[in-house]
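Student: Mind looking over this structure? Questions follow.
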Amino acid sequence: MGYEANYKSSSRKWLGFVTAVWVQAISGNNYTFSNYSHALKTLMSLTQLQLNNLSVAKDVGKAFGLLAGLASDKLPTWSILLIGSVEGLIGYGVQWLVVSQRINPLPYWQMCVFLCLGGNSTTWMNTAILVTCIRNFRTNRGPVSGILKGYVGLSTAIFTDVCTALFAANPATLLFLLAVVPFVVCLTAIFFLREVPPAFTVEEEREEAKYFNVFNSVAVVVAVYLLVYDFIPKPSSTLSVSFAVILLILLAVPLVVPGYCFYKDWSLNRRKTSGSDIEGEPTTQALLVHHEKMAEVEAEDGVALVKQELVLGDEHTIMEAMRTVDFWILFVSFLCGVGTGLAVMNNMGQIGLALGYIDVSIFVSLLSIWGFFGRIISGTVSEYFIKKAGTPRPVWNAASQILMAVGYILLAMAVPGSLYIGSIIIGVCYGVRLAITVPTASELFGLKYYGLIYNILVLNLPLGSFLFSGLLAGFLYDAEATPVPGGGNVCYGAHCFRLVFIIMAGACVVGFGLDLLLALRTKKLYKKIYASRRSKKSSSNGQ
């Protein structure tokens, strides 16, 4: 029975990760507001300012992610997923009732509440997924973060393309999908996603790396598939249905990993059981080995078994983390990256119009798809260089910041084709920031209170959107724009956003300096992680 539990837990571990990927693939519903905002505006007779405030209410929901962070340290994974799925079902479900005209439009303040609920639902899902998976695969945090965050980047395209292909982009149908699909997927994940012991040996770590390569390959195929479909002009109904079916098959392909894992372990353990008693002592011995290996993993992560002076790598409470200089360096540098990136995403319509593009959908797609590649590649590459040379992970954040600054300077110059190149650069760098910061925080401050620490860092999303998009871009654009009859204003030309891009480039340079400083301050920690892994590898090879 001991070995039976072994191979079952191995396959369930990977099955849980597959369901985590599915949850992330449908958790980007916050970014679909523009697909149904016009319907809300028409049905509720809203002004543009009122509509924008509804969007703000949606983003405010992310600020309440602190509740999910607090809960992650007290509640099991399944309960956090359930809370998020029910919140989403209610928040988007009420919006669907209004847009489908099954009920009369609710008072404005009530709609703000339900949009806030919908926005907050994803913070519970993301917290449950990231905290559990980072703990389950702690020696491969980079690939885990890259894969999961990559699917979040694809989720908007998945919802939008499926709704367009099957339901002619009907906003009521899209809201129905946003309410029901995450609820059903989270219910599936509830049964399989849970914390399990991490890899103990070098062989297990290598096996994990091979499986993550499979997940990375499938994710790239999905991204390219979505991108190709976006460039097909007016696809037929048959092609649209075929697209949706193939997409579902691609999303199911990762099930091959837990299936293969189950078969391999079952075959191996079946051979082990023949002619040997596996009930008594071996099970006890396996438990002893488990505890020994767990101690090694904790030491590898920099967690002192006998804690003396608190240092980076130890388990920090939220107050202990916030009292460190390193936390605020990470916080502010993260703000410089994601805040400026969100400003471009939120204002892409006006940026494109100012530079002479009426349809900006291609630039939105470039931001999304290349953001995905930034997340996938940076997670894997940063993990590789930690294992090979002990390179501090913040180095990659620094590289993305300086490259992002170059992208903003290019946009400010407004040379021909600059919006295409700038969208690609900013998309990649935004993805890198999200994928690198997630494992960095866990390595610096530990995993015990990681859920809350992660959600405090994520406060940079609404904060950055407010500072760089709402204040900076909004104020400077209005200063350059010309009033139009009937209210509102419009601006044409490179000058509309030039100063915005220059200031955001400066913010990225500041972030670059902070990331370099953090890389220097954490160099000793990452060398310690590197040495620990090399020692484990040497011990394994010597046996």
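The values are calculated or read from the model by the stated rules, or taken from the named source; none is laboratory data. Keep in mind it's a predicted model, so treat the numbers as computed, not measured. Cβ sites come from the backbone with ideal geometry, for glycine too, and all protein chains shown count toward neighbours. With ligands, DNA and RNA removed, areas are computed over all heavy atoms of the protein, side chains included. Shrake-Rupley method; radii C 1.70, N 1.55, O 1.52, S 1.80 Å.
Student: Report the residue count in region 181-235 for those that are in contact with a helix residue (DSSP H, G or I) (Cβ under 7 Å, 6 or more places away or on another chain), of a type in the set (S, T, N, Q) and closer than 25 Å to ILE158 by Cβ.
Tutor: The total comes to 2.
Student: When region 152-200 is examined, which residues are found to be polar (S, T, N, Q) and touching a Gly at 6+ places or on another chain (Cβ under 9 Å)?
Tutor: Residues of region 152-200 that are polar (S, T, N, Q), as a first pass: 155-156, 160, 164, 170, 173, 188.
Within region 152-200, SER155, THR156 meet the criteria.
Student: Just the residues that are free of Cβ contacts under 8 Å to residues at least 24 places away in the same chain and in contact with a Pro (Cβ under 8 Å, 6 or more places away or on another chain), please, taken from region 474-519.
Tutor: ASN489
Student: I've got another one for you. Consider GLU320 carefully, then state whether it is open to solvent by 10 Å² or more (accessible area, probe 1.4 Å) and among the charged types (D, E, K, R). Give the steps one after another, and end with the answer.
Tutor: Working: open to solvent by 10 Å² or more (accessible area, probe 1.4 Å): yes; among the charged types (D, E, K, R): yes.
So GLU320 fits the description; yes.
Student: May I pose another question? Out of all the residues in region 422-440, which are under 10 Å from the mean Cα position of the chain (by Cα) and among the hydrophobic types (A, V, I, L, M, F, W, C)?
Tutor: LEU434, ALA435, VAL438
Student: Continuing with this model, one more query. Considering every residue within region 144-151, establish whether at least one is in contact with a helix residue (DSSP H, G or I) (Cβ under 7 Å, 6 or more places away or on another chain), modelled with pLDDT under 90, of a type in the set (Lys, Arg) and in a helix (DSSP H, G or I).
Tutor: Looking through region 144-151, at least one residue is in contact with a helix residue (DSSP H, G or I) (Cβ under 7 Å, 6 or more places away or on another chain), modelled with pLDDT under 90, of a type in the set (Lys, Arg) and in a helix (DSSP H, G or I).
Student: From the set of residues in region 57-84 that are touching a residue at least 60 places away in the same chain (Cβ under 8 Å) and closer than 14 Å to LEU115 by Cα, which is farthest from the chain's Cα centre (by Cα)?
Tutor: Going through the qualifying residues, I end up with ALA57.
Student: Testing VAL415 on (1) more than 27 Å from ARG138 (Cα to Cα); (2) modelled with pLDDT of 90 or more; (3) not charged (D, E, K, R); (4) not in a helix (DSSP H, G or I), one condition comes back false. Which one is that?
Tutor: (2)
Student: Just one of the numbered conditions (1) open to solvent by 10 Å² or more (accessible area, probe 1.4 Å); (2) modelled with pLDDT under 85; (3) not hydroxyl-bearing (Ser, Thr, Tyr) is not true of ILE190; which one?
Tutor: Of the numbered conditions (1) open to solvent by 10 Å² or more (accessible area, probe 1.4 Å); (2) modelled with pLDDT under 85; (3) not hydroxyl-bearing (Ser, Thr, Tyr), the odd one out for ILE190 is (2).
Student: Tell me which residues, restricted to region 382-418, are among the aliphatic types (A, V, I, L, M) and either under 17 Å from the mean Cα position of the chain (by Cα) or surrounded by 24 or more Cβ atoms within 10 Å (Cβ to Cβ) (or both).
Tutor: The answer is MET404, ALA405, LEU411.
Student: Within region 101-124, identify whether any single residue is open to solvent by 30 Å² or more (accessible area, probe 1.4 Å) and in contact with a Ser or Thr (Cβ under 6 Å, 6 or more places away or on another chain), and answer yes or no.
Tutor: There is no residue in region 101-124 that is open to solvent by 30 Å² or more (accessible area, probe 1.4 Å) and in contact with a Ser or Thr (Cβ under 6 Å, 6 or more places away or on another chain).
Student: Restricting to region 94-130, count the residues that are charged (D, E, K, R) and in contact (Cβ under 8 Å) with a residue 60 or more places away in the chain.
Tutor: Of all residues in region 94-130, those charged (D, E, K, R) come to 102.
Subset that is in contact (Cβ under 8 Å) with a residue 60 or more places away in the chain: none.
Here the count works out to 0.
Student: Same structure again: Name the residue that is nearest to ALA507 (Cα to Cα), counting only residues in region 343-360 that are part of a loop (DSSP other than H, G, I, E, B) and touching a residue at least 24 places away in the same chain (Cβ under 8 Å). Steps first, answer last, please.
Tutor: Taking region 343-360 and keeping what is part of a loop (DSSP other than H, G, I, E, B), we get 347, 355-360.
Within this subset, residues satisfying the condition of being touching a residue at least 24 places away in the same chain (Cβ under 8 Å) are 347, 355-357.
Numbers: ASN347: 18, LEU355: 23, GLY356: 27, TYR357: 27 Å.
Residue satisfying both the conditions and the ranking: ASN347.
Student: Within region 467-516, which residues are β-branched (Val, Ile, Thr), within 23 Å of SER55 (Cα to Cα) and within 26 Å of the chain's Cα centre (by Cα)? Full working, then the answer.
Tutor: Initially, region 467-516 is screened for residues β-branched (Val, Ile, Thr), giving 482, 484, 490, 500, 502-503, 509-510.
Those still in the list that are within 23 Å of SER55 (Cα to Cα) too: 490, 500.
Once the filter is applied, which keeps residues that are β-branched (Val, Ile, Thr), within 23 Å of SER55 (Cα to Cα) and within 26 Å of the chain's Cα centre (by Cα), region 467-516 yields nothing.
Student: Could you pull out the residue among PHE372, PHE363, PHE331 that is of a type outside the set (Ser, Thr, Tyr), in a helix (DSSP H, G or I) and open to solvent by 10 Å² or more (accessible area, probe 1.4 Å)? Give the steps one after another, and end with the answer.
Tutor: Values: PHE372 fails: open to solvent by 10 Å² or more (accessible area, probe 1.4 Å); PHE363 fails: open to solvent by 10 Å² or more (accessible area, probe 1.4 Å).
Unique residue meeting the criteria: PHE331.
Student: Working only within region 441-497, note down all residues that are open to solvent by 30 Å² or more (accessible area, probe 1.4 Å), closer than 22 Å to ALA71 by Cβ and touching a Ser or Thr at 6+ places or on another chain (Cβ under 9 Å).
Tutor: Hits for region 441-497 are LYS448, TYR449.
Student: While we're on this one: Within region 207-232, restricting attention to residues that are surrounded by fewer than 17 Cβ atoms within 10 Å (Cβ to Cβ) and within 16 Å of VAL381 (Cα to Cα), which residue is farthest from the chain's Cα centre (by Cα)?
Tutor: Looking at residues that are surrounded by fewer than 17 Cβ atoms within 10 Å (Cβ to Cβ) and within 16 Å of VAL381 (Cα to Cα), I get LYS210.
Student: Taking region 511-532, which residues are open to solvent by 10 Å² or more (accessible area, probe 1.4 Å), aromatic (Phe, Trp, Tyr) and within 18 Å of LYS388 (Cα to Cα)?
Tutor: TYR530
Student: Let me ask another. Check off (1) under 27 Å from GLU195 (Cβ atoms); (2) among the polar types (S, T, N, Q); (3) surrounded by 16 or more Cβ atoms within 10 Å (Cβ to Cβ) for SER79 and give me the number that stays unchecked.
Tutor: (3)
Student: Now, a different point. Would you mind telling me which numbered condition in (1) touching a Gly at 6+ places or on another chain (Cβ under 6 Å); (2) among the small types (Gly, Ala, Ser); (3) farther than 19 Å from ILE129 by Cβ ALA473 fails?
Tutor: (1)
Student: Do you know which residues across region 161-172 are on the phi < 0 side of the Ramachandran plot and either open to solvent by 40 Å² or more (accessible area, probe 1.4 Å) or outside any helix (DSSP H, G or I) (or both)? Full working, then the answer.
Tutor: Our first condition is that a residue be on the phi < 0 side of the Ramachandran plot; within region 161-172, this holds for 161-167, 170-172.
THR164, LEU166, PHE167, ASN170, listed by residue number.
Student: GLY93: in contact with a Gly (Cβ under 6 Å, 6 or more places away or on another chain) and within 22 Å of HIS38 (Cβ to Cβ), yes or no? Even if it seems obvious, please write down each step before you answer.
Tutor: Values: in contact with a Gly (Cβ under 6 Å, 6 or more places away or on another chain): no; within 22 Å of HIS38 (Cβ to Cβ): yes.
For GLY93, the condition - in contact with a Gly (Cβ under 6 Å, 6 or more places away or on another chain) and within 22 Å of HIS38 (Cβ to Cβ) - is not met.
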